[in-house]
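Since the structure comes first, as structure tokens, the remarks are kept for the end.
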Amino acid sequence: MVTIICASCAESPFGIQADGMFKCTGCGELLAVTDIDLDGTDVWAVGADGTLGYVSDPAAALSDLMEAVEEFLTSDQIPNAEYARHISQINATEALGRYIDARRSGIAAPRFGYTEDQIHTAVNEGADMILEALNLGGGEEDAVNLAVNGALFCLAKPGSSFAEMVEENYGETVEEIRSWWGWN
């Protein structure tokens, strides 16, 4: 973590106070969280001793790490492959160091992908959108809803069968579901 030094006295760091404000340990200048303005991909953090500082955003550090790995994997396509591999290893090490520094400072790990709730919402909204736009009949609507339930069931229990999904979601047998609309 890089300590943020007070601009007023140009020598002392800011320490956190009980009210959430930061106070310069030298001149007493106050700094609110809303006044912390960092450029680029840095985020502010508070060290174990209560000192205000900044670290790389963990998402940016991971992005740089992935880029360095990709550069390493494609280095044989560059005229000086050995040099390219060396530079990519340096870049990967630096990016990993920035990520570790951010995480040790208490910055949350970036979330990649979607949560189960987000997927559930999106699948149901997608089904609703289709059902509203196409004015389908009862059988087709039931088939769309079966597909939604099947997708969400497979998210929770990959590799499940149709019979398992039907039993858990509907409490019926596959034959009963097939009889709804004469499905075979």
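The values are calculated or read from the model by the stated rules, or taken from the named source; none is laboratory data. Keep in mind that this is a model prediction, so the values were computed, not measured. All Cβ positions, glycine included, derive from the backbone under ideal geometry; neighbour counts span all protein chains shown. In case anyone asks, the SASA skips ligands and DNA or RNA and just uses the protein heavy atoms, side chains included. Shrake-Rupley method; radii C 1.70, N 1.55, O 1.52, S 1.80 Å.
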- Message: Being open to solvent by less than 60 Å² (accessible area, probe 1.4 Å) and of a type in the set (F, W, Y) is the filter here; which residues of segment 129-176 pass it?
- Response: F153
- Determine the pairs where a residue that is part of a loop (DSSP other than H, G, I, E, B) and open to solvent by less than 50 Å² (accessible area, probe 1.4 Å), located within segment 107-128, has a partner that is at pLDDT 90 or above and of a type in the set (A, V, I, L, M) with Cβ atoms under 8 Å apart, the partner being 6 or more residues away or on another chain. I107/V43; I107/A45; I107/V55; P110/A59; P110/L62
- Tell me the strands (runs of 3 or more DSSP E) entirely within segment 17-75 that contain at least 2 residues that are touching a residue at least 40 places away in the same chain (Cβ under 8 Å) and within 27 Å of T93 (Cβ to Cβ). 42-46, 52-56
- Query: D101 passes all but one of (1) acidic (D, E); (2) modelled with pLDDT of 95 or more; (3) open to solvent by less than 100 Å² (accessible area, probe 1.4 Å); which number fails?
  - Reply: (2)
- Query: If you go through segment 79-94 one residue at a time, do you hit one that is open to solvent by less than 70 Å² (accessible area, probe 1.4 Å), of a type in the set (A, V, I, L, M, F, W, C), under 23 Å from T41 (Cβ atoms) and in contact with a Ser or Thr (Cβ under 7 Å, 6 or more places away or on another chain)?
  - Reply: no
